[in-house]
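Asks: Pasting in a structure now, in structure tokens, and then I'll have a few things to ask.
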Amino acid sequence: MPMIDAALQGFGVLLVWPTVGYLFLGIAIGIVVGILPGLGGLSAVAIMLPFSFLLDVYSAMALLMGMYAVTTTSDTISAVLLGVPGTSASQATILDGYPMARNGEAGRAFGAAYTVSAIGGVVGGLCVIVSLPVIREVVLSFGSPEFFMLAVLGLVIVGSLSGKAPLRGLVVVLFALALSMVGSSPQEGLPRYTFDTAYLLGGIKLVPAVLGLFALPEVLELFGRGSSIARLAGDPTRGMVQGMRDVLTHWWLVVRSIAIGVYIGVIPGLGASIVDWVAYGHAVQTEKNPERFGTGDVRGVIAPEAANNAVKGGALIPTLAIGVPGSPPMALLLVALTVHGISPGPDILGQRLDVLFSLVGALIFANIVAAALLLVATTHLARIAEIRGTNLVAIVLVAALMGSWMATRAVEDWYTFLAFGVLGYFMKRWNWPRPPICLGLVLGPLIERYLHLSINVYGFEWLLHPLVVVLEALVVLVLVTQIRRSYRSRG
Amino acid sequence: MKRSASTLAATAAIAILAAYGQAAFAASYYDGKTIEISVDRGSGGSQDRICRFMASHLATYIEGKPKIVVRNRPGGTGVVATNWLYDQAPKDGTALGCFLPIRFYQDAYWGTGGKKSLGLKADVRKLVPVAGTAVLTVTYVRSDVGGGIKAPTDLKGAPFFKTGGQSITSTKDISFRTIFDLAGIRYNYVTGYQDSADAWAAVLRNEVQQHQSGIPHYMKVVLPTGVNTGKVTPLYYSSTQRIPELAPAIPAIDFVKKYGGKPEGMLWDLYQTSGAWRAFFLPPGTPEAAARAFESGFQRMLGDAAFRAAYKERYHLAPEWIAGRTALDREMVDPYRRSGKSLASFKKGYIDKARKK
């Protein structure tokens, strides 16, 4: 099918009823899902998947894509206002977004986040189209050794997430790597550190752990403080406009963060759980005045929010090109496509190019619409930061507990939430960085799996693979930069 | 003669009354009722999707046309759902489980060194199976292995190739290793890929050259992007029946024979007991009439042309499900019952051998 015809058909059908109706329905559901802690795009797509089988292919894709595309736009709300990640992709946003709310700058955080989310989502979608001629080669150039090195690179970024205590960050990430071994060994499938419980066979569940780590300490602090989240009064509308201007001011950071998002999305298996951390860590490493990060710096919102929307477009690329899902929700999208008789690879890149354009169009349109809707609501949303904290504690706690329970719907999810909540409380109190735990839990299994595979397949010669050498150099560069910064800040 | 005729007549009358009674039970019992089917894996995965697909059609074939809802109870690789069905599910015929139970049958009949699967409290032998299917898998290799592979028998004399397994203890890995060993095919055993999508990517970039996929992944990804483009060649599949849609692949038993191997002995028994099954179960203590209502419901469904067409449209193959406790006991459970602990020891040694390599 000629590309122009496919583009016109694919984009055009999104403007026609009922497809446009399903697109807006998907956007609405996605916005709500993103706000509620613990749900995320995967849960939403899994729930709506069976319904999509009953629709025509364009409506089905509009519904699913509309939903999936916007969860990482609306998840900013709970991250900024409550210090609780709405989805796993907004963990890093908390580090500066929540302090901004406390400084009376919630409107500014939202203005920056939604603007950059829209841009990131649009660019991520356009990357799918632009990369069509070279998709296969790019995706297939990454193997187990490259995945291992990417995961190691992600780990060394931990130093930049540890504020002024990189050694503490290192200790925490090693602790988290040990925790990530709970469950079953990837090569043997045998139980490991499960204390004879079936619940731990699947490892420590990330959602209740992260919610406990960040939500419970904030809830306790809100309760203890008694005042509102915002310590200072702010003008939400003026703040929103300022946030949008910040995006223009830091345009180069926006570009780099989007590139990180697309890049990580293209690599199957890395996923949205780390993209925000990598983008945030990169910002801390490369921007001026890094000591301001973590205190309410708008750049600390711009970087992760740009990346976590751009990653969606990136994840589409391997999914459609070779049938390898770029992320867990993409695996479900693949199912929806095949149920409608469309296969990845030559089929969707050739005969059914219109469906590809329809998917990309839905992604782009949904990002713009969601950002616009949420920008309009910014003024009202920002006022939540002025509500007395004790009035919010119950809501936040219930939302966090509900989100935790969604992990496996077992009461043990709450035990995990409480255990990590206690840990997070003391870590916050004694100034130990919490973000490295998230990185360690996500990257630990990847590091173990891909190291084992690399050695099994290649011996040790993989250390000299060209891309691996580049990544090794990057790792050294990041480490050297961190060490130099650490010495400079002391001296 | 007279006595036997009257006995026959009486038996027939009782049978008719029982059948009528059963149908009457079902028709009146399930009228207005809701049946809950628990799936032992999380929502969205292949297990969840196929259980929901079956559930979405089943109500039409149960007398009384009850409402059916599906609920996921993931955890412990099936332990949570199995324990729930055994212990806590209502035993009045309104609860079913859709499980992958093979590991638990192995525990029950072989014993895992005296230790059950982690956290398993249920005795799976007491669950009542009403319908099930052997999970069909297809093994394929890259077409550029050795001098080029176009047919399943072209691996003869091929140099070592690397397999893409999932874990040393997984049924998939044991399954393809046993077939390759029976056929005398040389391979380097690589394992640790997370799932079929991960392994498929590894095959595409030539990191490994072989994998064994379940039918959903094979039909929707491997076939259109690999087999049809000539990149990979399917070798064999796990069914004993010829399936034209999977050509040129052949049944595993034929594959072994074509290479001069003999499908017999402990290695063959291990292969036969390594295949996964997917089945619907009732909790122990469910009324007999309820069990029969489900068996006949599944039988009607599996025999209905409309259902078979819908199944084929979704899964690209005709359904190979069987219904009825007797048939399931023979096909699904008996291999474990017959093989006993000696096969368990053999399996342990076979796994240990892979671990030491």
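The values are calculated or read from the model by the stated rules, or taken from the named source; none is laboratory data. The structure displayed is predicted, hence computed values, not measured ones. Here the Cβ is made from the backbone with ideal geometry for all residues, glycine too, and neighbour counts use every protein chain on show.
Asks: Kindly indicate whether any position in segment A:295-308 is at pLDDT 90 or above, more than 14 Å from chain B (Cβ to nearest Cβ) and on the phi > 0 side of the Ramachandran plot.
Replies: Taking every residue of segment A:295-308 in turn, at least one turns out to be at pLDDT 90 or above, more than 14 Å from chain B (Cβ to nearest Cβ) and on the phi > 0 side of the Ramachandran plot.
Asks: Further question on the same structure: Among A:Val122, A:Val173, which is the only one that is among the β-branched types (Val, Ile, Thr) and farther than 27 Å from A:His452 by Cα?
Replies: A:Val122
Asks: Let me ask you something else. Cβ contacts < 7 Å: first residue farther than 15 Å from B:Phe176 by Cα, restricted to segment B:341-357; second residue assigned to a helix (DSSP H, G or I) and of a type in the set (D, E, K, R), any location; separation 6+ or different chain. Result?
Replies: B:Leu343/B:Asp269
Asks: Please pick out the residue among A:Val116, A:Val152 that is surrounded by fewer than 23 Cβ atoms within 10 Å (Cβ to Cβ) and assigned to a helix (DSSP H, G or I).
Replies: Answer to the check: A:Val152.
Asks: Kindly indicate whether B:Ala81 is within 22 Å of B:Val333 (Cα to Cα) and within 13 Å of another protein chain (Cβ to nearest Cβ).
Replies: Spelling it out, B:Ala81 is indeed within 22 Å of B:Val333 (Cα to Cα) and within 13 Å of another protein chain (Cβ to nearest Cβ).
Asks: In addition: Could you please let me know if B:Thr139 is buried (at least 21 other Cβ atoms within 10 Å of the Cβ) and either among the basic types (Lys, Arg) or away from chain A (no Cβ under 14 Å) (or both)?
Replies: yes
Asks: Looking only at segment A:125-151, count how many residues are within 13 Å of chain B (Cβ to nearest Cβ) and of a type outside the set (Gly, Ala, Ser).
Replies: Number satisfying all stated conditions: 11.
Asks: Next question, about the same structure. Can you confirm whether segment A:350-363 contains a residue that is modelled with pLDDT of 90 or more, in contact with a Lys or Arg (Cβ under 7 Å, 6 or more places away or on another chain) and closer than 26 Å to A:Asp5 by Cβ?
Replies: Yes, the conditions are met somewhere in segment A:350-363.
Asks: Here is a follow-up. Quick check: is even one residue across segment B:148-161 within 14 Å of another protein chain (Cβ to nearest Cβ) and modelled with pLDDT under 95?
Replies: Among the residues of segment B:148-161, at least one is within 14 Å of another protein chain (Cβ to nearest Cβ) and modelled with pLDDT under 95, which makes the answer yes.
Asks: Check every one of the helices (runs of 4 or more DSSP H) wholly within segment B:263-357 and list those with 3 or more residues that are of a type in the set (Gly, Ala, Ser), surrounded by fewer than 20 Cβ atoms within 10 Å (Cβ to Cβ) and not assigned by TED's automatic domain parsing to the domain that holds B:Ser213.
Replies: B:288-303, B:305-315, B:334-356
Asks: Looking at (1) among the small types (Gly, Ala, Ser); (2) in a helix (DSSP H, G or I); (3) over 23 Å from A:Phe11 (Cα atoms); (4) in contact with a Leu (Cβ under 8 Å, 6 or more places away or on another chain), which is the only condition A:Gly86 fails?
Replies: The one condition A:Gly86 does not meet is (2).
Asks: Restricting to segment A:340-356, and then to whatever is at the interface with chain B (Cβ under 9 Å from one of its Cβ atoms) and outside any loop (DSSP other than H, G, I, E, B), can you tell me which residue is surrounded by the most Cβ atoms within 10 Å (Cβ to Cβ)?
Replies: Selected residue: A:Asp347.
Asks: Looking at segment B:63-77 only, could you name the residues that are out of contact with any Phe, Trp or Tyr (no Cβ under 7 Å at 6 or more places or on another chain), basic (Lys, Arg) and within 13 Å of chain A (Cβ to nearest Cβ)?
Replies: Matches in segment B:63-77: B:Arg71 only.
Asks: Could I ask something else about it? Specify the residue that is farthest from the other protein chains (Cβ to nearest Cβ); the eligible residues are those in segment B:194-212 that are in contact with a strand residue (DSSP E or B) (Cβ under 9 Å, 6 or more places away or on another chain) and part of a loop (DSSP other than H, G, I, E, B).
Replies: B:Gln209
Asks: Could you grab me the full set of residues in segment A:388-436 that are part of a loop (DSSP other than H, G, I, E, B) and more than 14 Å from every other protein chain (Cβ to nearest Cβ)?
Replies: A:Trp430, A:Asn431, A:Trp432, A:Pro433, A:Arg434
Asks: Another question, then. How many residues, within segment A:165-219, are within 20 Å of A:Asp276 (Cα to Cα) and not in a helix (DSSP H, G or I)?
Replies: Adding up the residues that qualify gives 2.
Asks: Next question, about the same structure. Name the one entry in A:Leu359, A:Leu363, A:Leu316, A:Leu337 that is in a helix (DSSP H, G or I) and within 14 Å of chain B (Cβ to nearest Cβ). First the steps, then the outcome.
Replies: Values: A:Leu359 fails: within 14 Å of chain B (Cβ to nearest Cβ); A:Leu363 fails: within 14 Å of chain B (Cβ to nearest Cβ); A:Leu316 fails: within 14 Å of chain B (Cβ to nearest Cβ).
It is A:Leu337.
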